[in-house]
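Everything below concerns the one structure shown next.
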Amino acid sequence: MLFDKLIHYLKLDKQEFLFQFNSHPNYPSALAFSDTLNFMGVRNDAYELDKEYWDELPEEFIAIVDNSFSLVKKAGSHYSIYSDQAKTLNKEELFQKSTDFVLLFEKDHAESRPTVNYQPFIYAFFAAILVFSLFTQAWYETLFTVLSLAGVYISLEIFNQKFGNSSPVIGSICGETAGNQTVDSCNKIINQDKINFLGLKFSDFSLIYFTGITILAVFLPDTSLLVKGFTLVSLIAIGYSLYIQAFVEKTFCRVCLLIISILLLQLLTGLLFFEYAILSVKTALSAILLWGIIFTLVLYLNNTLEEKEKLQKSNAKNLRFKRNYDLFKRELLESEKIMFTDYETFSVGSKQPKLRISIVSNPYCGFCKDAHTIMENLLKRYPDDLAVQMRFNYNGDQQNPKLTRLLSDFMYVYRNKPEQEFLHLIDYWFKTKSEDQVHQKSDAREESEDLSLLTALSSENRDAGLNFTPIILINGYQFPDKYDREDIYYFIDELTEDEEIS
């Protein structure tokens, strides 16, 4: 199921979104889609709404159009649809092609994780070869190099698309309109490539060929005979591709035709302008070594990415089991419920929460930082549903004046300043681990605050056996040891709706 345009519009990390969506226990249902958006920070509500009420919907919403989750944007009397492709429908066409499912969302969401962009390095490599060619070669040799670089770029986009990454270049060549026959033709021929040599497809050999021919072109005219020979050999690939398109698939692929055009132009350039130069044994051996290195590199990259893709799919299937709420709930309720007498000290969030989360921690605990970060993130996402109490273990021992001073600063800010400043101070402490900087930031008095409530909290923790830190409790139930703390993100929505828990 593809929805590239939708993911791009919402500014989400595509790989992360697809992984979370595929690993949801209810994949590929609307619930899985909605939960994944929530997990990625896009708050949403799903409804089954009769078409007669769709005129009352906001300008933008998500619906299932042509069996695919799609962003729908009203544009006058028409609707713009964004999924894996883009198209425009009138009201009658939209109603006919969509279900009653609608999902209303808020644009303000957490930023997606940054991803590595390899394109600047590719462009820099291309620019270096092009500049070298312009200043050292004849015009026809430069033309040949430009054609080779174009072939490398298109082949690299096809290679990248094979592993689930959308390519705007391939999309623009094939056409963006949904249902466009040329789009289907491109996908059909590229994705259903029958050639398989050590795991490499026909399109992979295009990348190997153009990369090698580009490097050889840098050493023109010494390699002109070799380059001309390879362009003649490319006629075999051209014939094979045209045969597959015309007689096997019985449809033509624009990307394939563009690559064929590049090959024919290179062949024509070589035949008309390249002179016959004596090919030395050293040059021939260097060319063989070059092709061997490129072939090995592409083969290694292909196998590595395929293995990574298999592992991701396998991990996604395993996570569907792990993220099953019924299993999590069973593990959660197996622990004995702990009832505290004080839920107010160092408590932040909703005053009438559906869930009370307690975190037993120690300011000097190295693992507690991540646990507090999780709690802060949950408070940001669910400010009306959650209350979080920070239960620091403190026995009132004056032999540890630094801890006493630190907790006193926390207490002063908690009692005298807005809740958000208290949360910022906790976060600031875990980032700096400097008592002096925290004291300065808190503007607290020199005399210590009354910490008797913290001593009582610590005594309750100790009586309940909560000595190790960090420990997370959900409405008194200890978070299961079989789950990672980060897994709590997956279950919050269901926990807040579960009456037995809340």
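The values are calculated or read from the model by the stated rules, or taken from the named source; none is laboratory data. Fair warning: this is a prediction, and the values are worked out from it, not measured in the lab. With ideal geometry, Cβ positions are generated from the backbone for all residues, glycine too; neighbour counts draw on all protein chains shown. The area values use the complete protein model at the heavy-atom level, side chains included, leaving out ligands, DNA and RNA. Shrake-Rupley method; radii C 1.70, N 1.55, O 1.52, S 1.80 Å.
Which residues, taken from segment 319-346, are within 26 Å of LYS482 (Cβ to Cβ), in contact (Cβ under 8 Å) with a residue 12 or more places away in the chain and open to solvent by 80 Å² or more (accessible area, probe 1.4 Å)?
Going residue by residue through segment 319-346, those that are within 26 Å of LYS482 (Cβ to Cβ) are 319-340.
Then drop every residue that is not in contact (Cβ under 8 Å) with a residue 12 or more places away in the chain, which leaves 319-325, 328-329, 331-335, 337-340.
Answer for segment 319-346, where residues must be within 26 Å of LYS482 (Cβ to Cβ), in contact (Cβ under 8 Å) with a residue 12 or more places away in the chain and open to solvent by 80 Å² or more (accessible area, probe 1.4 Å): PHE321, GLU334, LYS337, MET339.
Kindly provide the set of residues from segment 341-358 that are in a loop (DSSP other than H, G, I, E, B) and either more than 30 Å from ASN416 (Cα to Cα) or charged (D, E, K, R) (or both), ordered by number. Step through it out loud before you land on a result.
Looking only at segment 341-358, we keep the residues that are in a loop (DSSP other than H, G, I, E, B), and these are 341-346, 350-354.
Correct list: ASP342, GLU344, LYS351, LYS354.
Would you pick out the residues in segment 272-314 that are more than 22 Å from LEU18 (Cα to Cα), part of a helix (DSSP H, G or I) and among the small types (Gly, Ala, Ser)?
In the first step, residues of segment 272-314 are kept if they are more than 22 Å from LEU18 (Cα to Cα); the result is 272-300.
Checking the rest, the ones that are also part of a helix (DSSP H, G or I) come to 272-273, 281-300.
Selection gives ALA284, SER286, ALA287, GLY292.
Mind checking which helices (runs of 4 or more DSSP H) fall wholly inside segment 424-502 and carry at least 3 residues that are in contact (Cβ under 8 Å) with a residue 40 or more places away in the chain and more than 30 Å from ARG381 (Cβ to Cβ)?
Working: elements: 435-442, 452-463, 488-497.
In segment 424-502, 452-463 are the helices (runs of 4 or more DSSP H) which contain 3 or more residues that are in contact (Cβ under 8 Å) with a residue 40 or more places away in the chain and more than 30 Å from ARG381 (Cβ to Cβ).
Please go through segment 286-295 and pick out each residue that is open to solvent by 60 Å² or more (accessible area, probe 1.4 Å) and under 12 Å from THR211 (Cβ atoms).
ILE293
Restricting the search to segment 315-340, which residues are part of a loop (DSSP other than H, G, I, E, B), under 18 Å from TYR27 (Cα atoms) and not basic (Lys, Arg)? Talk me through it step by step, then tell me what you get.
Taking segment 315-340 first, the residues part of a loop (DSSP other than H, G, I, E, B) are 323-324, 335-340.
From what's left, under 18 Å from TYR27 (Cα atoms): 323-324.
Result: ASN324, single match.
Out of the residues in segment 42-83 meeting the condition of being without any contact (Cβ under 8 Å) to a residue 40 or more places away in the chain and hydroxyl-bearing (Ser, Thr, Tyr), tell me which one is surrounded by the most Cβ atoms within 10 Å (Cβ to Cβ).
For segment 42-83, the residue satisfying everything is TYR79.
Please count how many residues of segment 407-423 are open to solvent by 10 Å² or more (accessible area, probe 1.4 Å), out of contact with any strand residue (DSSP E or B) (no Cβ under 8 Å at 6 or more places or on another chain) and either in contact (Cβ under 8 Å) with a residue 12 or more places away in the chain or small (Gly, Ala, Ser) (or both). Lay out the reasoning, then the answer.
To start, the set of residues in segment 407-423 that are open to solvent by 10 Å² or more (accessible area, probe 1.4 Å) comprises 412, 414-421, 423.
Okay, now just the ones that are also out of contact with any strand residue (DSSP E or B) (no Cβ under 8 Å at 6 or more places or on another chain), so 412, 414-418, 420-421.
Those still in the list that are either in contact (Cβ under 8 Å) with a residue 12 or more places away in the chain or small (Gly, Ala, Ser) (or both) too: 412, 414-415.
Counting residues in segment 407-423 that are open to solvent by 10 Å² or more (accessible area, probe 1.4 Å), out of contact with any strand residue (DSSP E or B) (no Cβ under 8 Å at 6 or more places or on another chain) and either in contact (Cβ under 8 Å) with a residue 12 or more places away in the chain or small (Gly, Ala, Ser) (or both) gives 3.
Mind checking which residues of segment 84-105 are over 23 Å from the mean Cα position of the chain (by Cα) and in contact (Cβ under 8 Å) with a residue 60 or more places away in the chain? If you could, list the steps in order and put the result at the bottom.
As a first pass, look at segment 84-105 and keep what is over 23 Å from the mean Cα position of the chain (by Cα): 87-102.
Across segment 84-105, the qualifying residues are LYS87, PHE101.
Does THR373 count as touching a residue at least 40 places away in the same chain (Cβ under 8 Å), open to solvent by 20 Å² or more (accessible area, probe 1.4 Å) and in contact with a Gly (Cβ under 7 Å, 6 or more places away or on another chain)?
Details: touching a residue at least 40 places away in the same chain (Cβ under 8 Å): yes; open to solvent by 20 Å² or more (accessible area, probe 1.4 Å): yes; in contact with a Gly (Cβ under 7 Å, 6 or more places away or on another chain): no.
When the stated conditions are applied, THR373 does not pass them.
For segment 437-479, give me each residue that is surrounded by 16 or more Cβ atoms within 10 Å (Cβ to Cβ) and basic (Lys, Arg).
Listed by number, the list holds a single entry, LYS441.
Before we move on, is ILE195 more than 20 Å from PHE125 (Cα to Cα), β-branched (Val, Ile, Thr), open to solvent by 20 Å² or more (accessible area, probe 1.4 Å) and at pLDDT below 80? It would help to see each step written out before you state the result.
Numbers: more than 20 Å from PHE125 (Cα to Cα): yes; β-branched (Val, Ile, Thr): yes; open to solvent by 20 Å² or more (accessible area, probe 1.4 Å): yes; at pLDDT below 80: yes.
Answer is yes for this residue.
Going by the conditions given, is ASP370 over 30 Å from GLU446 (Cβ atoms) and acidic (Asp, Glu)?
Details: over 30 Å from GLU446 (Cβ atoms): yes; acidic (Asp, Glu): yes.
Spelling it out, ASP370 is indeed over 30 Å from GLU446 (Cβ atoms) and acidic (Asp, Glu).
Restricting to segment 341-355, name every residue that is hydrophobic (A, V, I, L, M, F, W, C) and on the phi > 0 side of the Ramachandran plot.
To start, the set of residues in segment 341-355 that are hydrophobic (A, V, I, L, M, F, W, C) comprises 346, 348, 355.
If the condition is that a residue be hydrophobic (A, V, I, L, M, F, W, C) and on the phi > 0 side of the Ramachandran plot, then PHE346 is the only one that fits.
Being free of Cβ contacts under 8 Å to residues at least 24 places away in the same chain and closer than 21 Å to GLY212 by Cβ is the filter here; which residues of segment 238-279 pass it?
GLY239, ILE260, SER261, LEU268
So which of SER314, SER350 is touching a strand residue (DSSP E or B) at 6+ places or on another chain (Cβ under 9 Å), without any contact (Cβ under 8 Å) to a residue 40 or more places away in the chain and closer than 30 Å to ALA32 by Cβ?
Numbers: SER314 fails: touching a strand residue (DSSP E or B) at 6+ places or on another chain (Cβ under 9 Å).
It is SER350.
Considering only residues that are in a helix (DSSP H, G or I) and open to solvent by less than 20 Å² (accessible area, probe 1.4 Å), look in segment 5-22 and name the one that is modelled with the lowest pLDDT.
Let us first name the residues in segment 5-22 that are in a helix (DSSP H, G or I), namely 5-9, 14-22.
Narrowing the set further to residues that are open to solvent by less than 20 Å² (accessible area, probe 1.4 Å) leaves 6-7, 17, 20-21.
Working: LEU6: 75, ILE7: 78, PHE17: 82, GLN20: 81, PHE21: 82.
Here the residue is LEU6.
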